[in-house]
Amino acid sequence: EIRLSLVGSEMCIRDSTDVITARPWLDTSLAIDERVQLLLDEMTIVEKAGLFFHTMIAIGDLDEANPIFGTPSAREFVEVKNMTHFNLLGAAPTGREIAAWQNELQRLAASTRLGIPVTLSTDPRHSFSENPGASILAGPFSQWPETLGLAATRDPELVERFADIARQEYTAVGLRVALHPQVDLATEPRWARQTATFGEDPELTGILGAAYIRGFQGDTFGPGSVSTMTKHFPGGGPQLDGEDPHFPYGREQVYPGGEFELHLKPFEDALAAGTRQMMPYYGMPVGTEYEEVGFGFNRSVITGLLRERFGFDGLVCTDWGLINDAEIFGQPFPARAWGVEDLTPRERMLKVLDAGVDQFGGEDCPELLLELLADGSVSEERLDVSARRILREKFELGLFEDPFVDEDAADEIVGRAEFRAAGEAAQRASVTVLTNDGALPFATGLKLYVEGIDAEVAAAYGEVVATPDEADLAVIRLQAPFEQRDTTFENFFHAGSLEFPDEVLDHVHAIAGAVPTVVDVLADRPPILQPITDAAAAVTVNWGVSAAALLDVLSGVAGAQGRLPFDLPRSMAAVVASRPDVPFDTADPLFRFGHGLTL
């Protein structure tokens, strides 16, 4: 019996006794471990080194460099550096455009000596936030609340449904690794990264994180799955003063409450759910039993905790940019080599490998790894340990059998009407009503004064007027406060005080003094709301919701269901006095975890 199958650009001929092919690892009758070994045996040191680098790439001409991050062209990545793992940056107008570019990139990979397919990853891209270090606007994809909003629904089935829809949209365009979920605990109210968490409670985070993983990976991990890279092990929430370790002033993670173990709980649940990959955080633990170096360099954490205690044999990839300094938006930023700043890039790389990590996130310097191999600092046997994990993931995802996607289907699947409707329903379900003196739900047809809402959208719910004095009701949308920092990149990370500026409060009070006023706040961090709740007729918070979805809830078209995923502190004094590793530690919070009124 002779069977023919087209695999990538190779025609393989199989009979019952032999495999006549230039690439025997493409033989699907073999066990994956055998296929991995066949490919490893064929690879040169140079080709193996390329597997270890997982960096940023953007849609565009394969021969053009990325101007924002200063990265080489796709052709140089693939043909010169032998790299096959890329984090896709930026949005695209249509699913077809992403799919067509992905196919072009895969054709480039298929043309190389071994034809190893590319694995494309992405940060979250289904919500309302845009941060080149953390998330991407939804663009053509269905749009959902941020992860905090999913947590506000308290609904594991909804979270799994979201992840399943996201899986379908990702795989339609060739995205096969989710650089999420983020199961850090939001125990420091000032921390910039909590919008992508499930909040402050370890039990809720573990339940919802596991549902998220199941939705992305499916009942059985395989060709239809998206591999989840859970982050940021062993928990990135307890930052000193709430500062983020993307930056030197945020490098320390502290545990004055002695709750290091509590932050591991959601990761245990993620491991039980079968997460395939893990990303350690930038931060360095201070005052614990663990070495005071960033977690990506930390053997006591990666090998001791993750590999040995928890038995994790999946792929570990560092967070982005631990080895080399970089320029972002025209500004220099140091490598996040916290605790090992004095080491050279080569020495940092060696320490990461010794820690038990498999891939260098955000780096594209295989030449440094080759230097370590040449001088005997790293053995080929050590390379093979990680290379097996990396290649196994590609095989199990089915990329060697079919790395291409259907461009017509991509346009049909990405942003499908039923997916958008599900996302909009989740937005409405996440809106959380904190206070209401009877102003909600408001009757349609009222005279409405709005700020932060498109007048054309508001016109479907009432008569839009130009001033508060003309209105029956005002609806104002605000962003939770944050402090401006020195550079563009820093200002994507909302940090610092949680108090609204006096001019914002004065403005809200002036409107509330003229007309009953509803204030809605995008709570990407827990703002200090008492000065607003004292004045407004009703206060709501959201974590990514369209104006129409919000007005549906405020007008009673949809019921209010959301519940707070964290405490809302009463004052900044309480925040400063709280212990950053301890959940629910701000004294006398204004509203507690789980609070939410129904309408």
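Computed values, structure above
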read-out: Residue in the stretch 429-438 that is open to solvent by 50 Å² or more (accessible area, probe 1.4 Å), out of contact with any Ser or Thr (no Cβ under 6 Å at 6 or more places or on another chain), over 23 Å from Arg563 (Cα atoms) and of a type outside the set (Ser, Thr, Tyr) present; value: no
read-out: Residue list for the stretch 107-149, filter: under 18 Å from Val183 (Cβ atoms), touching an Asp or Glu at 6+ places or on another chain (Cβ under 9 Å) and not small (Gly, Ala, Ser); value: Pro124, His126, Trp144, Glu146, Leu148
read-out: Yes/no for Glu47 being among the charged types (D, E, K, R), open to solvent by 20 Å² or more (accessible area, probe 1.4 Å), modelled with pLDDT of 95 or more and not in a strand (DSSP E or B); value: yes
read-out: Val541 vs. criteria touching a residue at least 12 places away in the same chain (Cβ under 8 Å), under 29 Å from the mean Cα position of the chain (by Cα), outside any loop (DSSP other than H, G, I, E, B) and over 15 Å from Ala439 (Cβ atoms); value: yes
read-out: Of all residues making up the stretch 263-298, the number that are part of a helix (DSSP H, G or I) and either open to solvent by 10 Å² or more (accessible area, probe 1.4 Å) or without any contact (Cβ under 8 Å) to a residue 40 or more places away in the chain (or both); value: 5
read-out: Cβ pairs under 7 Å, 6+ apart, first in the stretch 381-402 and of a type in the set (A, V, I, L, M), second open to solvent by 40 Å² or more (accessible area, probe 1.4 Å); value: Leu397/Pro223
read-out: Scope the stretch 79-100; condition open to solvent by 10 Å² or more (accessible area, probe 1.4 Å), assigned to a helix (DSSP H, G or I) and either among the charged types (D, E, K, R) or touching a residue at least 40 places away in the same chain (Cβ under 8 Å) (or both); matching residues; value: Glu79, Arg96, Glu97, Ala100
read-out: Cβ pairs under 7 Å, 6+ apart, first in the stretch 185-211 and touching a residue at least 24 places away in the same chain (Cβ under 8 Å) and assigned to a loop (DSSP other than H, G, I, E, B), second open to solvent by 10 Å² or more (accessible area, probe 1.4 Å) and of a type in the set (S, T, N, Q); value: Pro189/Thr586; Thr197/Thr147; Phe198/Thr147
read-out: Filter result for Ala510 (farther than 24 Å from Gly242 by Cβ, open to solvent by 60 Å² or more (accessible area, probe 1.4 Å) and not aromatic (Phe, Trp, Tyr)); value: yes
read-out: Meets criteria (hydroxyl-bearing (Ser, Thr, Tyr) and surrounded by fewer than 24 Cβ atoms within 10 Å (Cβ to Cβ)) for Thr119; value: yes
read-out: Residue under evaluation Asp358, criteria (1) open to solvent by 30 Å² or more (accessible area, probe 1.4 Å); (2) of a type in the set (Asp, Glu); (3) touching a residue at least 60 places away in the same chain (Cβ under 8 Å), criterion not met; value: (1)
read-out: Answer residue from the stretch 213-250, given it is among the hydrophobic types (A, V, I, L, M, F, W, C) and within 21 Å of Ser121 (Cβ to Cβ) and is most open to solvent (accessible area, probe 1.4 Å) among those; value: Phe221
read-out: Test: residue in the stretch 316-329 that is among the hydroxyl-bearing types (Ser, Thr, Tyr) and surrounded by fewer than 17 Cβ atoms within 10 Å (Cβ to Cβ); value: no
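A quick yes/no check of all residues on (1) under 27 Å from Pro516 (Cα atoms); (2) assigned to a loop (DSSP other than H, G, I, E, B); (3) touching a Gly at 6+ places or on another chain (Cβ under 9 Å); (4) of a type in the set (Gly, Ala, Ser):
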position	(1), (2), (3), (4)
Val545	yes, yes, yes, no
Leu550	yes, no, no, no
Gly556	yes, yes, no, yes
Arg563	yes, yes, yes, no
Arg579	no, yes, yes, no
Val582	no, yes, yes, no
Gly594	yes, yes, no, yes
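The values are calculated or read from the model by the stated rules, or taken from the named source; none is laboratory data. Small disclaimer: the values here were computed from a predicted structure and weren't measured. Positions of Cβ are generated from backbone atoms using ideal geometry, with glycine treated the same way; all protein chains shown enter the neighbour counts. Note: areas computed on protein heavy atoms with side chains; ligands, DNA, RNA excluded. Shrake-Rupley method; radii C 1.70, N 1.55, O 1.52, S 1.80 Å.
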